[in-house]
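See structure below.
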Amino acid sequence: MPPYDPSNFPPFAVTVDLVVLTVRRHALCALVVRRGETPFQGRWALPGGFVRADEDLGSAAARELVEETGLCAHDPARPAANGAHLEQLATYGDPARDPRMRVVSVAHLALAPDLPAPRAGGDANSARWAPVDDLLRPGTGREDEQATPLAFDHARILADGVERARSKIEYSSLATAFCPPEFTVGELRRVYEAVWGVVLDPRNFHRKVTGTPGFLVPSGGTTTRQGGRPAQLFRAGAATVLNPPMLRPEV
């Protein structure tokens with residue numbers, strides 16, 4: 001068998017790109033950074049970076065998440081510790097997606113409760129939270145910031161990440177990743193409304209999310225932070241599947 005010669009194969013780089021979603025002012029928002037270097041200098045893009053030689057994909061995504069948001073990824077081995085939900089989304093490998101060289105991106109989806117103003121890092125010179133509808137339809141939103149499409153193929157990656165979040169909250173506990181450790185049913189409902197872009201019936205919603213044993217667990221406290229009468233506080237339970245699922249309304 002002839003020896004393996006790496007020079008017989010074209011070189012390529014691997015990156016991780018992050019679709020970081022949160023709910024701010026009752027709208028589903030994504031983190032974007034303004035590129036400070038070529039290519040696409042001055043354009044908004046998803047945060048991310050090249051995978052280092054000594055790290056795997058999950059470690060690279062977790063590192064970028066810390067650098068861009070200050071958040072650590074949730075550790076399943078430490079369920080009591082707070083952290084952002086982080087999962088692998090998809091792989092993007094169009095040969096022309098990056099004009100510098102052949103670059104394969106392994107995108108990840110990160111979800112967290114209402115996050116503070118972001119900080120720019122790496123080759124970015126500014127960062128911001130923007131409504132996903134404005135990012136996916138540049139020039140149609142209320143913010144003048146988003147007049148041109150996202151850099152690279154990041155609009156496609158963002159659209160895939162948003163659809164992943166919208167579909168998974170139908171049947172899983174993913175929506176609780178947008179909530180603080182203790183939350184009310186009303187606050188959880190507003191997450192669904194922001195992610196789906198619809199208005200839900202409060203009574204039907206309450207019945208569905210409290211009807212699955214172990215999906216929501218009373219924390220023993222109440223809150224008036226939403227105004228009005230004290231509302232019961234819950235935390236995410238051990239059940240990870242919502243049965244029956246809460247089907248997304250057609251819009």
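The values are calculated or read from the model by the stated rules, or taken from the named source; none is laboratory data. Since the structure is predicted, the reported quantities are computational estimates derived from the model, not experimental observations. Cβ atoms come from the backbone with ideal geometry, glycine included; neighbour counts cover every protein chain shown. Just the protein is used for accessible areas: all its heavy atoms, side chains included, with ligands, DNA and RNA removed. Shrake-Rupley method; radii C 1.70, N 1.55, O 1.52, S 1.80 Å.
A few comments on the model shown:
- In summary, Val51 fulfils each of the numbered conditions (1) in contact with an Asp or Glu (Cβ under 6 Å, 6 or more places away or on another chain); (2) at pLDDT 95 or above; (3) not acidic (Asp, Glu) with the single exception of condition (1).
- Segment 153-182, subset out of contact with any Leu (no Cβ under 8 Å at 6 or more places or on another chain) and not basic (Lys, Arg), residue surrounded by the fewest Cβ atoms within 10 Å (Cβ to Cβ): Glu163
- Listed conditions (1) small (Gly, Ala, Ser); (2) open to solvent by less than 60 Å² (accessible area, probe 1.4 Å); (3) outside any helix (DSSP H, G or I); (4) at pLDDT below 95 are all met by Ala147, apart from (2).
- The listed residue being in the same structural domain as Pro11 (by TED's automatic domain parsing), modelled with pLDDT of 85 or more and in contact with a Ser or Thr (Cβ under 9 Å, 6 or more places away or on another chain), out of Asp133, Asp160, Asp94, Asp114: Asp133
- Which listed residue, of Ala60, Ala53, Ala13, is open to solvent by 60 Å² or more (accessible area, probe 1.4 Å) and either small (Gly, Ala, Ser) or within 18 Å of Gly161 (Cα to Cα) (or both): Ala53
- Checking Leu86 against (1) modelled with pLDDT of 90 or more; (2) more than 16 Å from Ile157 (Cα to Cα), the condition it does not meet: (2)
- Residue check for Arg142: in a loop (DSSP other than H, G, I, E, B), farther than 25 Å from Val14 by Cβ and modelled with pLDDT under 95: yes
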